[in-house]
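Participant: Just passing along the structure, written as structure tokens.
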Amino acid sequence: MIKLMKILLIGDIVGRTGRRAVRELLPNIIEKEKPDFIIANGENAAGGFGLTEGVMDELLDYNIDLLTTGNHVWDNKDIFNFIDESDKVIRPYNYPQGVPGVGYKVIKKGQYTLGVINLMGRVFLGDYDCPFRSVDQLIDELKEKVDGIVIDFHAEATAEKEAFGWYVDGRVSLVAGTHTHVQTADERVLPGGTAYITDLGLTGGIDSILGMNIDEPLNRFLTQLPNRFKVAKGDTKLSGLIVQINSDNGLATSVKRVCEVYKNN
Ligand SMILES: [Fe+2]
Ligand SMILES: [Fe+2]
């Protein structure tokens with residue numbers, strides 16, 4: 001009998017409002033779907049910028065198994081106090097050598113072992129190591145030890161994310177895009193058996209600009225003046241993806257988008 005491993009991925013959690021969505025909505029999703037692993041992008045979880053140890057612990061209390069990050073990983077300096085010790089958070093793998101933290105983890109839970117890799121795209125983001133070629137050897141090594149491989153590909157450009165999905169199709173279980181905070185409707189299992197979505201979307205305030213209070217980013221567009229962004233309040237949502245993986249070959253069998261809303265009052 002095929003043993004199906006179920007994974008829930010949660011898109012960028014933005015600030016307290018995003019964390020509230022996780023707190024209020026995740027228990028029902030867990031009860032309904034019974035995921036074997038829950039992975040979330042936490043790069044904006046602390047006040048919209050970065051991650052603190054307290055915020056990480058709060059998210060782990062909500063039953064998230066591992067946090068991935070992205071270009072905002074260093075925004076809150078507290079990250080430097082715990083990223084090297086923690087086995088619950090990873091940063092993009094294709095940062096230059098010597099950067100704190102690690103870019104992948106192998107996590108075990110129940111009967112399954114999962115490899116999780118965090119990567120960052122380069123288009124409009126920065127001059128990182130090649131996300132495509134940097135991961136080839138790592139995939140080969142992980143394949144020997146795990147039942148499935150998940151990649152959070154943190155990138156801005158849709159073309160770069162699609163290209164990456166095709167590049168690893170058949171070699172990993174799942175590629176989930178993060179960073180844009182806008183969920184795409186292109187979830188599918190590619191012909192080689194890799195589940196794919198261009199972006200998991202926002203976990204945070206609904207009436208917002210990418211999870212931030214509307215006035216400040218709007219004013220920045222209108223005036224080009226710098227100002228301080230605040231996390232949006234009010235109704236909130238949890239966005240993500242549920243993927244089933246055949247643990248015998250590590251390939252995806254189904255994929256389903258998640259977008260749940262929590263009304264604040
Ligand atoms: Fe983000
Ligand atoms: Fe980002």
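The values are calculated or read from the model by the stated rules, or taken from the named source; none is laboratory data. Keep in mind the model is a prediction, meaning the values are calculated, not measured. In this analysis, Cβ positions are derived from the backbone assuming ideal geometry, glycine residues included, and neighbour counts consider all displayed protein chains. The area values use the complete protein model at the heavy-atom level, side chains included, leaving out ligands, DNA and RNA. Shrake-Rupley method; radii C 1.70, N 1.55, O 1.52, S 1.80 Å.
Participant: Does region 66-219 come out rounded, prolate or oblate by the C-alpha gyration tensor, with a ≥ b ≥ c the root eigenvalues, rounded set by a/c under 1.5 and, if not, prolate when a/b is larger than b/c and oblate if not?
Facilitator: oblate
Participant: Going by average Cβ neighbours within 10 Å, how do the peptides 166-173, 92-99 rank, with the highest at the top?
Facilitator: So the peptides 166-173, 92-99, ranked by packing, come out 166-173, 92-99.
Participant: Next question, about the same structure. Hey, what's region 7-262 come to in accessible area per residue, 1.4 Å probe, Å²?
Facilitator: With the other protein chains kept in place, region 7-262 gives 43 Å² per residue.
Participant: What ³J(HN,Hα) values, in whole Hz, does the Karplus curve 6.51 cos²θ - 1.76 cosθ + 1.60 give for region 59-64 when θ = phi - 60°, with x put for Gly and Pro?
Facilitator: After applying 6.51 cos²θ - 1.76 cosθ + 1.60, I find 5, 5, 4, 7, 5, 6 Hz.
Participant: Which cross-chain or sequence-distant (5 or more) residues have an amide H under 5 Å from the amide H of T253, H modelled 1.01 Å from N in plane?
Facilitator: Excluding prolines and chain starts, which carry no amide H, the hits are Q244, I245, N246.
Participant: At 1.4 Å probe size, with the rest of the protein present, what percent of the exposed accessible area of region 179-265 is carbon and sulfur atoms?
Facilitator: Whole-percent figure for carbon plus sulfur exposure: 52.
Participant: Would you work out the relative contact order for region 7-262, in percent, from Cα pairs under 8 angstrom that are 6 or more residues apart?
Facilitator: For region 7-262, the relative contact order is 20 percent.
Participant: Under 5 Å between amide H atoms, partner at least 5 residues away or on a different chain: which partners does L174 have, H built in plane at 1.01 Å?
Facilitator: I149, I151, A195
Participant: So if R0 is 30 Å, what FRET efficiency would D78 and V106 give, r being the distance between their Cβ atoms, rounded to the nearest 0.05?
Facilitator: Here the calculated transfer efficiency is 0.75.
Participant: Could you tell me what percent of the accessible area of region 1-107 is made up of carbon and sulfur, with a 1.4 Å probe and every protein chain present?
Facilitator: Carbon and sulfur atoms account for 47 percent of the accessible area of region 1-107.
Participant: For n ≥ 4 DSSP H runs only, could you compute -39500 (n - 2.57) per run for the chain, divide by its residues and tell me the 222 nm figure to the nearest 500?
Facilitator: -6500 deg cm²/dmol
Participant: Right, next: Check the straight Cα-Cα distances from K32 and name the lysines below 28 Å, setting aside those fewer than 8 residues away within the same chain.
Facilitator: Partners found: K3, K6, K88, K105, K108, K109, K233, K237, K256, K263.
Participant: I need the phi-derived Karplus couplings for region 45-52: 6.51 cos²θ - 1.76 cosθ + 1.60, θ = phi - 60°, integer Hz, Gly and Pro marked x.
Facilitator: Whole-Hz 3J(HN,Hα) from phi for region 45-52: 6, 9, x, x, 9, x, 9, 10.
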